[in-house]
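S.K.: I have a structure I would like to understand better, so I am pasting it below and will then ask my questions one at a time.
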Amino acid sequence: MRPQPKVPSPLDSQPRRGALAVWRISLGLYFVTMTVLTHLPRMEPLGPGHDAPDKLAHFLTFGGLAVLLERSRLAPRGWIAFALIALWAPVDEWTQQWFSVSRTTSVADVVGGWMGIASAGVVTAALRPTKRASGAWRRGIATLDAMVEPGTGGMLAAIVALLITAAAFPIIFGLTWTAAGVSLPNAAAMLSIAAGLLGAAPLTRRAWRNAGGASWPAPPAWTWVLLPVAATAGWLGGEVLATIDVAGLGTAGALMGGVIWCGVAAGLGWRRVGVVNG
């Protein structure tokens, strides 16, 4: 008989040692790699005349860094992790010019990073179990830590998602440029991320089951109607920033609006079925 996975205690606020080690090792590797790449001489990965999805990259990388620091439990409070990365974003941008004459400080890059950090912070807060949360809700959130433990397959799912995304981007970008003669790096990046998430979905579901995850409740139906509204509002906000010379943040703004609303919707789903009455 196949042994049943050990289910995390719904009352535990700290992950088990294996998960904590994975989070902290991942944080260290991610931080070093990201910092080295942002301080290398500016490159043209898509070729001359094609702008890379730079602002979107800042959104994703700094948002991911904030999540890793929060999950690593190195800060005394979860919100401090997001505040520290928000402070680090302009430092990282400012110091780039010290290492390469081809790099300059960009306010738009900093704001793009802040958008990602804010999105990650709001989603984390929306999913945090309340004082009256049921055991299923607490166990569901605890499973996010358990999924990275060795043997669950969570890290494999993350690696597969990244590999598919990296492979899909040049293909999608090349097809749009070859077929229509239009350079759409942001759209290609978004479609590539979607392909990575969908491609790794079966592995993610398996890792969730292996980690003993509770059934994730569906958000209220009306929240789906407002998702495009939130994404559009975010895009408009990003475009408005261009009037003060902080340009190129429309796609990052749309992603921010969509991600935040998805997090809020998921939190509403848990509050609807995962709160103990009384």
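The values are calculated or read from the model by the stated rules, or taken from the named source; none is laboratory data. From a predicted model like this one, the values you see are computed outputs, not experimental measurements. Cβ coordinates were reconstructed from backbone atoms using ideal geometry, including for glycine residues, and neighbour counts include every protein chain displayed.
S.K.: Quick one: is Ala75 under 16 Å from the mean Cα position of the chain (by Cα), of a type in the set (Gly, Ala, Ser) and closer than 30 Å to Ala146 by Cβ?
M.R.: Details: under 16 Å from the mean Cα position of the chain (by Cα): no; of a type in the set (Gly, Ala, Ser): yes; closer than 30 Å to Ala146 by Cβ: yes.
For Ala75, the condition - under 16 Å from the mean Cα position of the chain (by Cα), of a type in the set (Gly, Ala, Ser) and closer than 30 Å to Ala146 by Cβ - is not met.
Yes/no per residue for (1) buried (at least 20 other Cβ atoms within 10 Å of the Cβ); (2) in contact with a Pro (Cβ under 7 Å, 6 or more places away or on another chain); (3) modelled with pLDDT of 90 or more:
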position	(1), (2), (3)
Thr105	no, no, no
Ser119	yes, no, yes
Ala161	yes, no, yes
Ala168	no, no, yes
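S.K.: Hey, another quick one. When you scan the stretch 236-254, do you find a residue that is surrounded by 13 or more Cβ atoms within 10 Å (Cβ to Cβ), out of contact with any Lys or Arg (no Cβ under 9 Å at 6 or more places or on another chain), under 30 Å from Arg272 (Cα atoms) and in contact (Cβ under 8 Å) with a residue 40 or more places away in the chain, even just one?
M.R.: Yes; the residues of the stretch 236-254 include at least one that is surrounded by 13 or more Cβ atoms within 10 Å (Cβ to Cβ), out of contact with any Lys or Arg (no Cβ under 9 Å at 6 or more places or on another chain), under 30 Å from Arg272 (Cα atoms) and in contact (Cβ under 8 Å) with a residue 40 or more places away in the chain.
S.K.: Of the conditions (1) closer than 27 Å to Ile85 by Cα; (2) among the small types (Gly, Ala, Ser); (3) part of a loop (DSSP other than H, G, I, E, B), Ala126 satisfies every one except a single condition; which number is it?
M.R.: That leaves (3) as the condition not met.
S.K.: Would you mention how many residues in the stretch 150-163 are within 24 Å of Ile193 (Cα to Cα) and not aliphatic (A, V, I, L, M)? Reasoning before the result, please.
M.R.: Of the stretch 150-163, the ones within 24 Å of Ile193 (Cα to Cα) are 152-163.
Going one step further and asking which of them are not aliphatic (A, V, I, L, M), we end up with 152-154.
Total meeting the criteria: 3.
S.K.: Write out, first by first residue and then by second, each pair whose Cβ atoms fall under 6 Å of each other, whose residues are 6+ apart or on separate chains, and whose first residue, in the stretch 204-227, is farther than 19 Å from Ala265 by Cα and hydroxyl-bearing (Ser, Thr, Tyr) while the second is assigned to a helix (DSSP H, G or I) and modelled with pLDDT of 90 or more.
M.R.: Listed pairs, sorted by first residue: Thr204/Ala157.
S.K.: Filter the stretch 88-119 down to the residues that are touching a residue at least 60 places away in the same chain (Cβ under 8 Å) and either acidic (Asp, Glu) or in contact with a helix residue (DSSP H, G or I) (Cβ under 9 Å, 6 or more places away or on another chain) (or both) and list them by number.
M.R.: Arg103, Val107, Ala108, Val111, Gly112, Met115, Gly116, Ala118, Ser119
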